[in-house]
1. Hey, could you check segment 69-110 for residues that are within 18 Å of A171 (Cα to Cα) and among the basic types (K, R) and say which is most open to solvent (accessible area, probe 1.4 Å)?
2. For segment 112-149, what are the residues that are part of a loop (DSSP other than H, G, I, E, B) and either among the aromatic types (F, W, Y) or open to solvent by 40 Å² or more (accessible area, probe 1.4 Å) (or both)?
3. Please work out if G153 is within 16 Å of the chain's Cα centre (by Cα), of a type outside the set (F, W, Y) and either open to solvent by less than 10 Å² (accessible area, probe 1.4 Å) or in the same structural domain as P117 (by TED's automatic domain parsing) (or both).
4. Do we find a residue being crowded, with 23+ Cβ neighbours inside 10 Å, under 30 Å from P116 (Cβ atoms) and of a type in the set (S, T, N, Q) anywhere in segment 235-251?
5. Taking into account only those residues within segment 50-68 that are of a type in the set (A, V, I, L, M, F, W, C) and either in a strand (DSSP E or B) or in contact with an Asp or Glu (Cβ under 7 Å, 6 or more places away or on another chain) (or both), which is surrounded by the fewest Cβ atoms within 10 Å (Cβ to Cβ)?
6. State whether the residues of segment 123-131 include one that is more than 16 Å from the ligand (Cβ to nearest atom), within 28 Å of P275 (Cβ to Cβ) and in contact (Cβ under 8 Å) with a residue 40 or more places away in the chain.
7. Restricting the first residue to segment 147-174 and requiring it to be of a type in the set (K, R), which pairs with a second residue that is part of a strand (DSSP E or B) meet a Cβ separation below 7 Å and a spacing of at least six or different chains?
Amino acid sequence: MRRRAFVASGFAFLATGACAAVRSKDRLVIKGTMEQGSLALGYADPKATVKIDGQAVRLSPEGVFAFGFAFDQTKPSLVDVIWSDGTAESQSYTPTVRQYEIQRVNGLPQNTVTPPPEVLERIKREAGEIYVARQRDMPGSDFLSGFDWPAPGIESGVFGSQRIDNGVPMAPHFGVDMAAPTGTPIRAPADGTVSLSADHYLNGGFTLIDHGQGVSTSYLHQSKRLVKDGDVVKRGQKIGEIGQTGRATGPHLHWAMNWFEVKLDPSRSARKAKPDPL
Ligand SMILES: [Zn+2]
């Protein structure tokens with residue numbers, strides 16, 4: 001019976017789910033597409049204590065919490081709840097397995113595929129800054145109303161594909177690529193707070209937006225960054241422009257989503273269909 005709540009997925013689940021879920025007779029409701037690499041939303045009594053795989057998570061004043069399924073996760077995520085009346089409940093949720101494609105990308109600047117030794121220190125430092133920013137556990141729940149696509153464009157890269165860059169096998173592609181001309185506006189897909197904005201060697205013009213409770217989105221290869229650390233952004237606000245900076249063969253936006261360090265597919269949290277290419 002509880003299954004119904006999480007197979008009823010799709011683009012609209014975030015926008016329409018909240019009220020119905022809280023009124024449900026089930027005390028614990030989990031919603032999302034429930035696939036590998038997707039964000040799941042939980043609803044419980046705000047006075048409850050919730051642990052995901054043994055780790056306590058923050059609940060919003062409305063009792064909302066978030067967690068993510070890893071891109072290659074085959075084991076269930078365990079949700080343990082201790083209710084305010086002292087009773088306990090455990091549920092496990094196993095993500096649907098996805099098939100990822102293999103994508104060969106040629107023509108990348110060779111110094112971004114096999115970076116010269118003198119920039120390795122810089123790449124490590126920049127990865128460390130992103131790691132720290134993604135560890136933040138901010139109280140808001142700006143992720144709750146779903147995400148708009150941040151830019152129009154041709155979807156030139158999908159989440160989870162095995163990348164072979166200039167013939168070199170790389171880590172899987174953890175984001176969605178939107179190819180569009182340099183200068184195309186990038187808009188915040190939901191409210192949030194900028195937790196990092198900087199020019200990076202591999203990422204190029206990089207911005208990270210924190211949407212609360214460990215949920216963040218990031219924007220890579222920008223030609224222009226229009227927001228800085230600490231800025232509060234609103235859904236639809238222009239935050240930058242598409243470019244070809246860092247490891248890129250052409251102008252595009254690499255759009256990524258995380259729950260802390262768990263890499264997620266932002267297309268699975270989109271509340272509307274993708275806009276047409278320009
Ligand atoms: Zn990409």
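The values are calculated or read from the model by the stated rules, or taken from the named source; none is laboratory data. None of the values given here were measured: they were computed from a predicted structure. Ideal geometry is used to build each Cβ from the backbone, glycine not excepted, and the neighbour counts take in all protein chains shown. When the accessible area is computed, the model is the full protein with side chains, heavy atoms only, and any ligands, DNA or RNA have been set aside. Shrake-Rupley method; radii C 1.70, N 1.55, O 1.52, S 1.80 Å.
1. Looking at residues that are within 18 Å of A171 (Cα to Cα) and among the basic types (K, R), I get R104.
2. T114, R136, D137, M138, P139, W149
3. Judged against the criteria, G153 is not a match.
4. Taking every residue of segment 235-251 in turn, none turns out to be crowded, with 23+ Cβ neighbours inside 10 Å, under 30 Å from P116 (Cβ atoms) and of a type in the set (S, T, N, Q).
5. At the first step, the residues of segment 50-68 found to be of a type in the set (A, V, I, L, M, F, W, C) are 50, 52, 56-57, 59, 64-67.
Now restrict to residues that are either in a strand (DSSP E or B) or in contact with an Asp or Glu (Cβ under 7 Å, 6 or more places away or on another chain) (or both): 50, 52, 56-57, 64-67.
Details: V50: 21, I52: 19, A56: 11, V57: 19, V64: 21, F65: 24, A66: 24, F67: 24.
It comes out as A56.
6. no
7. R163/Q103; R163/V105
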